[in-house]
1. Being part of a loop (DSSP other than H, G, I, E, B) and modelled with pLDDT of 95 or more: is that true of residue 183 here?
2. For segment 57-77, does any single residue satisfy the condition of being under 23 Å from residue 229 (Cα atoms) and touching a strand residue (DSSP E or B) at 6+ places or on another chain (Cβ under 6 Å)?
3. Quick test of your reading of the structure: residue 74 fulfils all but one of (1) under 14 Å from residue 95 (Cα atoms); (2) surrounded by 14 or more Cβ atoms within 10 Å (Cβ to Cβ). Name the failing condition by number.
4. Any idea which of 151, 90 is more than 23 Å from residue 246 (Cα to Cα) and outside any helix (DSSP H, G or I)?
5. Please list, ordered by first then second residue, the pairs with beta carbon atoms under 6 Å, 6 or more apart or interchain, first in segment 228-248 and over 20 Å from residue 25 (Cβ atoms), second modelled with pLDDT under 95 and not in a strand (DSSP E or B).
6. Which of the residues belonging to segment 231-249 are within 19 Å of the chain's Cα centre (by Cα) and farther than 15 Å from residue 153 by Cα?
7. Determine if segment 112-119 includes at least one residue that is crowded, with 18+ Cβ neighbours inside 10 Å and part of a helix (DSSP H, G or I).
8. Given the condition under 20 Å from residue 9 (Cα atoms) and surrounded by 15 or more Cβ atoms within 10 Å (Cβ to Cβ), answer yes or no: does some residue in segment 222-229 qualify?
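The values are calculated or read from the model by the stated rules, or taken from the named source; none is laboratory data. Bear in mind the structure is a predicted one, so any value in this text is a computation, not a measurement. Here Cβ is always computed from backbone atoms with ideal geometry, including for glycine, and neighbour counts include all displayed protein chains.
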């Protein structure tokens, strides 16, 4: 299967995503990251991978942290750089694949890292294991890693909606059509964007579905020990049917 992430994150796709992620959502998620990563005592060096349009990275940089943001999408990178520049925020932007983090003796070591917004399931088990191993090598001993996903098995498969509509605002409506590949344990979601009653975009995303136990074992094999599991930003426990999985791990 081709790397779907190379051509999915176009201007239309990212416009739909940005319309759905309000400033209030971003602020709540940043507050969770501040608490989970222990950012209140001093400025820290953080890794955001993949960083998307940089909404978390920019907010954390505004708080004084040194943030390296890695994303493979040129559309995401261009938007993030423009937004950061307009706010006078300085970050280290890197356009690159999450599965091939920079190596070598000059590589940075981070005090914390996070992988947000279902990104952990973009690729099959072997590739996500490789990402976990590379990530662990970039973290200082005792550093914290936060993983956010709504596509783990316990969240996604309890009541999978095959077809649903989402109105993002007065102009844009999304039609989501889902198929689940039982051989690959993969969710294939086709997004149709309808802007002012006209179809403007249609494309498919693919998410490999892991159980929370699989994720924990994958991280453990890489040297990341899971210490907490939450089901939402409010700190509710992760359980079957939870809205999302928020996993906190530490570098051993």
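1. Working: part of a loop (DSSP other than H, G, I, E, B): yes; modelled with pLDDT of 95 or more: yes.
Considered against the rule, which asks whether it is part of a loop (DSSP other than H, G, I, E, B) and modelled with pLDDT of 95 or more, residue 183 comes out as yes.
2. Of segment 57-77, the ones under 23 Å from residue 229 (Cα atoms) are 57, 60.
Applying the additional criterion that residues be touching a strand residue (DSSP E or B) at 6+ places or on another chain (Cβ under 6 Å) yields 57, 60.
Yes, segment 57-77 has at least one match.
3. (2)
4. Working: 151 fails: more than 23 Å from residue 246 (Cα to Cα).
Just a single option satisfies the conditions, and that option is 90.
5. Listed by first residue and then by second, the contacts come to 241/158.
6. Step one: filter segment 231-249 for residues within 19 Å of the chain's Cα centre (by Cα), giving 231-235, 238, 242-249.
Of everything in segment 231-249, those that are within 19 Å of the chain's Cα centre (by Cα) and farther than 15 Å from residue 153 by Cα turn out to be 232, 233, 234, 235, 248, 249.
7. yes
8. First pass over segment 222-229, keeping only residues under 20 Å from residue 9 (Cα atoms): none.
No, because not a single residue in segment 222-229 is under 20 Å from residue 9 (Cα atoms) and surrounded by 15 or more Cβ atoms within 10 Å (Cβ to Cβ).
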